[in-house]
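J.: To start, I am sharing the structure in question, which I have written as structure tokens.
The values are calculated or read from the model by the stated rules, or taken from the named source; none is laboratory data. Because the structure is a prediction, the values reported are computed rather than measured. Note that each Cβ is placed from the backbone with ideal geometry, even for glycine, and that neighbours are counted across all protein chains shown. Note: areas computed on protein heavy atoms with side chains; ligands, DNA, RNA excluded. Shrake-Rupley method; radii C 1.70, N 1.55, O 1.52, S 1.80 Å.
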Amino acid sequence: MFRNVTAPVFASRIFISINHQRIAPLTIPLASLTNHAPTVAHNPSPAWSPSASHRNRGGHKERRRVGALRFLVASSFLSWFTKKSDDDTPESQLITIIKRSILSIQHEEYQKAEQMLHLALKMAQDLQSKDGITYIYDIMANLAMEVGDFAKAEKLFVNVMQRLFADGFVEDHIKMLHLSSKIAHLAQLQGHLDKAAQGFEWTLTKLEQQMKQIGDENARELRELWGITKNWYAQLLMECKRFSEAKQAFLQAYDAYTEIHGKLTEEGLTILNNLSVACSNLEDYTSAERFLNEAIALAAQIPDLSEAGVYKANLGLLYLQQGLLRQAHEFCTFAWRYGKHHKHEETVIQANYCLEQIKAMQK
């Protein structure tokens, strides 16, 4: 008869928290994935003013970084690109360099992007283009966030905030709320959890106030930012071991995200995985299994999704936690093979941990 697995048996690794773009996984039972997505925003409220001196908690490079560029391209500064000008004008040349820098980030050519952005910044300063300078600082901040230099990213975002304030933007403008959400997320990533909580809560309150007042025309952008902020806030709640609140926040984030983008996206699957993590910590194994199985079924419809193996490994660990060794061995073995085939290190590590625990329990 198999014995039940108690919490101490599972050390800091049990289920992974997969990181979508930029951040190392959360070390909580089950592997939860972290969504990070650049945008643009401001100095939220006097209750929490961003500081640049934070501890960098390290970055974790994932193969796909869809969210980062989706938000770069959707940046509220992008209207600057619509200015009509002749191809030979200095301003047109500047816009071309900025576009190329974004393409370089999309291709993960970060050093090349950095060089082009510094060139673009010098051109914008020579042209005395206030909008151009602000937009370039925003892209630089997103790039720093992408490569895991969180202190630099925060400093640059604060610079963007200050420039927007100087241009007359109010603190609850959508651009400012984008930035306040990011600054809170950066605070979380650097270990400043109280500051992060204040920032998320302030931003969510402002967004909810705006969603009640604004028409359908701008509701999508507000709703999406609200969902992204809820997801980041849920990750913070997981770190603080407030699992019941985290579950509710993940559910809200998932509803908001899938309402706009549908269910067949990596970001949506990440949230489902994290919901399973929250449920496993609440010992609600039925719900944890349901969310993971849904993620696995949807992942099968996305070709070459490297994180699919992590979902399988997590399901194996979930069975292991309940003492179901046969099922655990089946899923963790599959995950190990999948991780090897797709060269996905985190899946292999997670599957190895699971298989080692199974061997230990069979002795």
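J.: Scan segment 317-342 for residues that are within 23 Å of Thr265 (Cα to Cα) and open to solvent by less than 10 Å² (accessible area, probe 1.4 Å) and jot them down.
T.: Correct list: Ala335, Gly339.
J.: Please enumerate the residues belonging to segment 158-186 that are touching a residue at least 60 places away in the same chain (Cβ under 8 Å) and open to solvent by 10 Å² or more (accessible area, probe 1.4 Å).
T.: Across segment 158-186, the qualifying residues are Val158, Gln162, Phe165, Phe169, Glu171, His173, Ile174, Lys175, His178.
J.: Identify the residue in segment 126-154 that is among the hydrophobic types (A, V, I, L, M, F, W, C) and in contact (Cβ under 8 Å) with a residue 60 or more places away in the chain and, among all such residues, is most open to solvent (accessible area, probe 1.4 Å). Write out each step before concluding.
T.: First pass over segment 126-154, keeping only residues among the hydrophobic types (A, V, I, L, M, F, W, C): 127, 133, 136, 139-141, 143-145, 147, 150-151, 153.
This time we only want the ones that are in contact (Cβ under 8 Å) with a residue 60 or more places away in the chain, so: 139, 141, 145, 147, 150-151.
Numbers: Ile139: 0, Ala141: 0, Met145: 1, Val147: 75, Phe150: 0, Ala151: 27 Å².
In this case the residue turns out to be Val147.
J.: So which of Gly309, Gly316, Gly268, Gly323 ends up being under 30 Å from Glu201 (Cα atoms) and either in a helix (DSSP H, G or I) or not acidic (Asp, Glu) (or both)?
T.: After applying the criteria, what remains is Gly268.
J.: Hey, Val277 hits all of (1) touching a residue at least 60 places away in the same chain (Cβ under 8 Å); (2) open to solvent by 30 Å² or more (accessible area, probe 1.4 Å); (3) hydrophobic (A, V, I, L, M, F, W, C) but one; which does it fall short on?
T.: (2)
J.: Inside segment 105-122, can you point out the residues that are surrounded by fewer than 19 Cβ atoms within 10 Å (Cβ to Cβ) and on the phi < 0 side of the Ramachandran plot? Let's see the steps before the verdict.
T.: Within segment 105-122, the subset surrounded by fewer than 19 Cβ atoms within 10 Å (Cβ to Cβ) is 106-112, 114-115, 118-119, 122.
Of everything in segment 105-122, those that are surrounded by fewer than 19 Cβ atoms within 10 Å (Cβ to Cβ) and on the phi < 0 side of the Ramachandran plot turn out to be Gln106, His107, Glu109, Tyr110, Gln111, Lys112, Glu114, Gln115, His118, Leu119, Lys122.
J.: If you go through segment 202-243 one residue at a time, how many are of a type in the set (Gly, Ala, Ser), open to solvent by 10 Å² or more (accessible area, probe 1.4 Å) and in a helix (DSSP H, G or I)? Talk me through it step by step, then tell me what you get.
T.: Taking segment 202-243 as the starting set, the residues that turn out to be of a type in the set (Gly, Ala, Ser) are 215, 219, 227, 234.
Retained after the next criterion (residues that are open to solvent by 10 Å² or more (accessible area, probe 1.4 Å)): 215, 219.
Then keep just the ones that are in a helix (DSSP H, G or I); that gives 219.
Qualifying residue count, segment 202-243: 1.
J.: Within segment 283-296, is even one residue touching a Leu at 6+ places or on another chain (Cβ under 7 Å), small (Gly, Ala, Ser) and over 29 Å from Met361 (Cα atoms)?
T.: no
J.: Considering only residues that are in contact with a helix residue (DSSP H, G or I) (Cβ under 9 Å, 6 or more places away or on another chain), modelled with pLDDT of 90 or more and open to solvent by 90 Å² or more (accessible area, probe 1.4 Å), which ones fall in segment 343-363?
T.: Selection gives Glu345 alone.
J.: Can you give me the number of residues within segment 190-201 that are of a type in the set (A, V, I, L, M) and open to solvent by less than 10 Å² (accessible area, probe 1.4 Å)? Don't jump to the end; show me each part of the working.
T.: Residues of segment 190-201 that are of a type in the set (A, V, I, L, M), as a first pass: 193, 196-197.
In the following step, the residues that additionally are open to solvent by less than 10 Å² (accessible area, probe 1.4 Å) were identified as 196.
So the answer is 1.
J.: Which of the residues belonging to segment 244-265 are open to solvent by 10 Å² or more (accessible area, probe 1.4 Å), part of a helix (DSSP H, G or I) and not β-branched (Val, Ile, Thr)? Write out each step before concluding.
T.: Let us first name the residues in segment 244-265 that are open to solvent by 10 Å² or more (accessible area, probe 1.4 Å), namely 244-245, 247-248, 251-252, 254-255, 257-265.
Okay, now just the ones that are also part of a helix (DSSP H, G or I), so 244-245, 247-248, 251-252, 254-255, 257-261.
Matches in segment 244-265: Ser244, Glu245, Lys247, Gln248, Leu251, Gln252, Tyr254, Asp255, Tyr257, Glu259, His261.
J.: In segment 128-161, how many are over 15 Å from Leu189 (Cβ atoms), of a type outside the set (A, V, I, L, M) and within 21 Å of the chain's Cα centre (by Cα)?
T.: 2
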